[in-house]
Amino acid sequence: MSALVSDVLYEFLVGCEEPADLQQIFGTMEKVSHQLGIDYFAMAFLPLAHERLDSLVWQRWPDGWLNRYLQNNYFHADPVVSLVRATARPSVWSQSVRAGHLSGRPKRIMDEARDFGMLDGLTIPLHSRSGLAGLFSVAGRRVPVAAPEVALLQFVAETTHRRIMDLNTPPEPCLRDDLQITRSESECLTLCAAGKTDREIGSITYRSQRTVQQHIRNLQQKLGVSNRAQLIAESFRRGLQR
């Protein structure tokens, strides 16, 4: 993990430790975006299949782009949105959606986004216990595409999403009382939160890579999450990591 990514992650965790309100949460996330040289960013909850997207949770899109996107109901024709909903994985626009292979409204959307200065972008799925719940996107002339940067933005997006949900959900009593985490799982969780790979965790703890992967899967199931970014975010939320 690069020094920049490590520093940004540390500052984000400190800034998001005790969010008082949505403005504080979004301010912390905006700082991350600026530190990574990102021009534009937005977060949205997913509408139902028959509903229009009529607003965003938070956005700093180019002037005029949001109104055009919403008024033309681009959301359900957006090729990046369709891909991320199908794969539930982060998508770098230029790597996953080839403009030359598009036609009709999908091509129009991507062409117009470029006209507004969004030359490339990264869209990250946001999950809840019931499945895919929203999307977080960054865009501009320079978009972080290196693996550590994508992982950082995924973690930041998932954490921010959970902080937002926390503010809108009554606290659950005795969160840790029913949670049984073994010592081996706790070790793997700590190293996973530190950015170690399965192989590195196995080497440090003298376990096979397969055993480490099983511990991580067990932790995801116990904490009700579906990927590592969510696992790390939930572990901090529950006080399993500090």
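Which of the residues that make up the range 204-237 are farther than 21 Å from L132 by Cα, surrounded by fewer than 17 Cβ atoms within 10 Å (Cβ to Cβ) and touching a Lys or Arg at 6+ places or on another chain (Cβ under 9 Å)? Matches in the range 204-237: I204, Q209. Pairing each residue of the range 11-40 that is more than 22 Å from V143 (Cβ to Cβ) with any residue that is modelled with pLDDT of 80 or more and open to solvent by 60 Å² or more (accessible area, probe 1.4 Å), provided the two are 6+ apart or on different chains, yields C-beta distances under 9 Å for G15/Q24; G15/K31; C16/Q24; E18/Q24. Out of curiosity, is E30 touching a Phe, Trp or Tyr at 6+ places or on another chain (Cβ under 9 Å) and among the charged types (D, E, K, R)? It is true that E30 is touching a Phe, Trp or Tyr at 6+ places or on another chain (Cβ under 9 Å) and among the charged types (D, E, K, R). Being open to solvent by 40 Å² or more (accessible area, probe 1.4 Å) and of a type in the set (D, E) is a property that does not hold for D78. So is A44 exposed (fewer than 15 other Cβ atoms within 10 Å of the Cβ), under 16 Å from the mean Cα position of the chain (by Cα) and more than 12 Å from G121 (Cβ to Cβ) or not? So A44 fails the test. The range 63-138 holds helices (runs of 4 or more DSSP H) entirely within its bounds, and those carrying 1 or more residues that are under 17 Å from Q154 (Cβ atoms) map to 79-87, 93-96. State yes or no: is S91 under 30 Å from K222 (Cβ atoms), free of Cβ contacts under 8 Å to residues at least 40 places away in the same chain, open to solvent by less than 60 Å² (accessible area, probe 1.4 Å) and hydroxyl-bearing (S, T, Y)? For S91, the condition - under 30 Å from K222 (Cβ atoms), free of Cβ contacts under 8 Å to residues at least 40 places away in the same chain, open to solvent by less than 60 Å² (accessible area, probe 1.4 Å) and hydroxyl-bearing (S, T, Y) - is met.
The values are calculated or read from the model by the stated rules, or taken from the named source; none is laboratory data. None of the values given here were measured: they were computed from a predicted structure. Neighbour counts are summed over all protein chains in view; Cβ atoms, including those assigned to glycine, are modelled from backbone coordinates with ideal geometry. These accessible areas exclude ligands, DNA and RNA; they are computed on the full protein's heavy atoms, side chains included. Shrake-Rupley method; radii C 1.70, N 1.55, O 1.52, S 1.80 Å.
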